[in-house]
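For reference, the structure is listed below as structure tokens.
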Ligand SMILES: *Cc1c(COP(=O)(O)O)cnc(C)c1O
């Protein structure tokens, strides 16, 4: 064999060895080799059940998806390149021209924008449900309503929907029910146990947990799996192997991390509730939350993301001295990672919370010591006094 041929083939046999690590191997592949010509001919006819290309999902992706199926009690799961691409794929998989869909008013902004900016182009019309919707949604449903999308609690304003009641209405009327369950993760809320058809996670948040990966998952029940799988197949949608590997690794420690986020957030939220300048803390696990009873009924825990508003006098002023002085809270989007973060803004939502037009600060409580976090917030709030 000539040198150039050797260069191409050297080490190839060793590369195919399977070594039994407890974590999945990281394949880097477009091409996946068939064992026989017969298998290739099957693949040509669409009858091959194995992995035949990099887009089919390689070992780390398959392992992560299998873990999500088990965790959620789903029929199937697909990992996609980000939370929003997971959401977009679901909305495309279950709608067609002429359909009507209902989206809860408190959804993640880009979800809303995908509906109003993209689906409209293909003749799918979106209306919005109140953020605290429940069984009383009959009046919103039309003849051609195909899908209802929930996000509970909303990740900016924390309204909670009566998910089982909405899912039941959907089941009766043959509507696909979808839930963005990122806040609670499958550990603290299981969409399938509450009758939902499709469960979405932005694995970017708690599952990967370190603010360094973008990844999403879609899990469905048996009824919805084929339609969803087919749509993913047409897009040849897949996720990066390194990201799936990290997500699987994230699952191994999710329970302990989430417990810490929960306890630390409850601690900081409780302290804020007693602060002289704070008007209300918006935390589903607090009795003061307008839908606290629903949270208590349906959820197994709370995560590390909540909001608060300031009292009159501190409400409609320049908040920059507070936010910019914070040393431990990063000023940035996303959440679920080890570092505490803050965002702020005004939200207009159809709910009965009574803070429309007010600034809501949202805290992601990370892994720092809670006393240091409180001290940081205290010194920051103090700066609004002058
Ligand atoms: C962040 C987020 C998303 C989008 O996830 P990305 O991975 O950032 O695209 C979707 N839904 C909720 C509730 C989120 O917080």
When the helices in the chain are scored as -39500 (n - 2.57) per DSSP H run of 4 or longer and the sum is shared across all residues, what 222 nm value do you end up with, to the nearest 500 deg cm²/dmol? -11000 deg cm²/dmol
For the chain, what is the Kirkwood hydrodynamic radius in Å, using each pair of distinct C-alpha atoms? 22.5
So the pair-distance distribution of the range 64-147, from every Cα-Cα distance in 5 Å bins, comes to percents of 3, 13, 21, 20, 18, 15, 8, 1, 0
Report, in degrees rounded to the nearest 10, the 0 to 90 angle that the Cα long axis of helix 59-72 makes with the longest principal axis of the chain. 50
Starting from the Cα-Cα distance between residue 51 and residue 116, subtract it from 0.36 nm times their residue separation and give me the gain in nm to one decimal. 19.8 nm
Run the numbers for residue 38 and residue 356: contour at 0.36 nm per residue of separation, minus the present Cα-Cα distance, in nm. 108.1 nm
per DSSP, antiparallel bridges as share of beta bridges in the chain, % nearest 5, sits at 55
Could you grab the relative contact order for the range 36-141? Cα pairs under 8 Å, six or more apart, rounded to a whole percent. 18
Using Cα pairs under 8 angstrom and six or more residues apart, how large is the relative contact order of the chain, in percent? 16
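Let me check I have the definition right: for the range 254-385, take the eigenvalues of the Cα gyration tensor, multiply each by 5, take square roots. What are those semi-axes in whole Å, largest first?
22, 19, 13
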Taking the highest mean first, how do the peptides 33-41, 321-329 order by number of other beta carbon atoms within 10 angstrom per residue? 321-329, 33-41
Please check which bits of the range 64-88 a label hung off residue 229 would reach, taking the label as a point 7 Å along Cα-to-C-beta and the cut-off as backbone N under 18 Å. 64-80
Got the relative contact order for the range 254-385 handy, in percent, Cα pairs under 8 Å and 6 or more residues apart? 27
What is the gain in length, in nm to one decimal, between residue 4 and residue 29 on full extension, counting 0.36 nm per residue of separation less the C-alpha to C-alpha distance? 6.8 nm
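FYI, it's all coordinate maths here, none of it is from the lab. Keep in mind the model is a prediction, meaning the values are calculated, not measured. So basically every Cβ, Gly included, is an ideal-geometry build from the backbone, and we count neighbours across all protein chains shown.
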